[in-house]
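Asker: Structure incoming, see below.
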Amino acid sequence: MAWVKIKKYEELTGDTAASVHARRRAGKWRDGVQCKVVDEMLWVNLPAAEKWVETWGQGIAARG
């Protein structure tokens, strides 16, 4: 399963919805890539979020 609702993401990672929203506002996470809103519910793409963690801080590759 690639996409999970924000509550499940919080349970799995210990990250918070507030942190996810802050990343979206800052442009670190892009809608449709690491996250998206469907029917007013925020979903997180687990493989894309994990890739972001692994590459963040490594220049241009971190933005994908």
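Asker: Could you give me the residue pairs with C-beta distances under 7 Å whose first residue belongs to region 1-20 and is touching a residue at least 40 places away in the same chain (Cβ under 8 Å), whose second residue is surrounded by 11 or more Cβ atoms within 10 Å (Cβ to Cβ) and assigned to a loop (DSSP other than H, G, I, E, B) wherever it lies, and which are 6+ apart or on separate chains?
Answerer: TYR9/ASP15
Asker: Let me ask something else. Could you say whether any residue in region 5-17 is loosely packed, with under 13 Cβ neighbours inside 10 Å, on the phi > 0 side of the Ramachandran plot and under 10 Å from the mean Cα position of the chain (by Cα)?
Answerer: Among the residues of region 5-17, not one is loosely packed, with under 13 Cβ neighbours inside 10 Å, on the phi > 0 side of the Ramachandran plot and under 10 Å from the mean Cα position of the chain (by Cα), which makes the answer no.
Asker: Here is a list: VAL33, VAL38. Which entry is out of contact with any Cys (no Cβ under 9 Å at 6 or more places or on another chain) and loosely packed, with under 11 Cβ neighbours inside 10 Å?
Answerer: On inspection, the qualifying residue turns out to be VAL38.
Rule-based calculations on the coordinates, nothing more; no lab input. This is a predicted model, so every value here is computed, not measured. Reconstructed Cβ throughout: ideal geometry from the backbone, glycine too, with neighbour counts over all protein chains shown.
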